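The values are calculated or read from the model by the stated rules, or taken from the named source; none is laboratory data. Everything numeric in this text was worked out from a predicted model, so none of it was measured. A quick note on method: Cβ atoms are made from the backbone with ideal geometry, for glycine too, and the neighbour counts reach across all protein chains shown.
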Amino acid sequence: MRRHPDRGEAEPVTRPTPATAFVPTGTEAPSARGAAVGRRIGVGLMRGLWRPRVLGAWRMPATGPVILAVNHTHNIDGPMLMGTAPRPVHFLIKKEAYVGPLGSFLRAIGQLEVDRTVADRTAVTRALGVLTGGGVLGIFPEGSRGDGDFASIRGGLAYFALRSGAPIVPVVVLGSTERRGRLIPALPPLRSRVDLVFGDPFQAGDGSGRRTRAALDEATVRIQERLTAHLAAARRTTGR
């Protein structure tokens, strides 16, 4: 156990579950060991290039399936979370990013390729496999980069939450788009501060166990309300 910096409470230290490393194909679950390696790479890169301040990470369950719902305003949001979350994360990432060496790298570190233009059943199966195996699934519920305000979210997050029963942990990334770097304008200034605020886990369903279309729509509304409330609280906490 270690003392949590913003609450002074003990924070559980979670070690990745050993797994055989492989580059996943078909509907196989992505590599847990690969995601653990990706987390270590993220820790080195994100903490080496910027100054992430992580608040509330102790709220994330130390074991069992978890869905991280993350706002999305910059390309570094995903890598930043991978390098600061207490557990390895498998992100659903658009297939357009899987080009050349980058695509091979993303697969090797346990990330999930998804085709956003169709109902990608392979991606859905593999994402559910992550949760069935007790892993952490990362989702950008807005679907793509934007204002990061959760003003419009897709139904995929509610589907995964209802189907798996996994709790959702809202995460807000703030500061990645405030300023442009002088050396690389597409990135935040080196050594600038980026805040990552974790919220309390919650269930998307109403407790009835329903998985109907109406239940999915109701869960999506419920999720959006919780994410928007967390965003407002994160802004008050960080002053951003």
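What the table shows:
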quantity	calculated
Residues of segment 227-237 that turn out to be buried (at least 17 other Cβ atoms within 10 Å of the Cβ) and farther than 13 Å from Leu157 by Cα, as a count	3
Per-region count, segment 166-187, residues surrounded by fewer than 22 Cβ atoms within 10 Å (Cβ to Cβ), modelled with pLDDT under 95 and not β-branched (Val, Ile, Thr)	10
Matching residues, segment 89-132, being in contact with an Asp or Glu (Cβ under 7 Å, 6 or more places away or on another chain) and either surrounded by fewer than 18 Cβ atoms within 10 Å (Cβ to Cβ) or without any contact (Cβ under 8 Å) to a residue 12 or more places away in the chain (or both)	Lys95, Tyr98
Pairs with Cβ under 6 Å, 6+ apart, first in segment 153-170 and within 19 Å of Lys94 (Cβ to Cβ) and in contact (Cβ under 8 Å) with a residue 12 or more places away in the chain, second among the small types (Gly, Ala, Ser) and in a loop (DSSP other than H, G, I, E, B)	Arg154/Gly143
Residue check, Gly138 surrounded by 14 or more Cβ atoms within 10 Å (Cβ to Cβ), within 19 Å of the chain's Cα centre (by Cα) and at positive phi	no
Hey, Thr73 at pLDDT below 95, assigned to a loop (DSSP other than H, G, I, E, B) and buried (at least 21 other Cβ atoms within 10 Å of the Cβ) or not	no
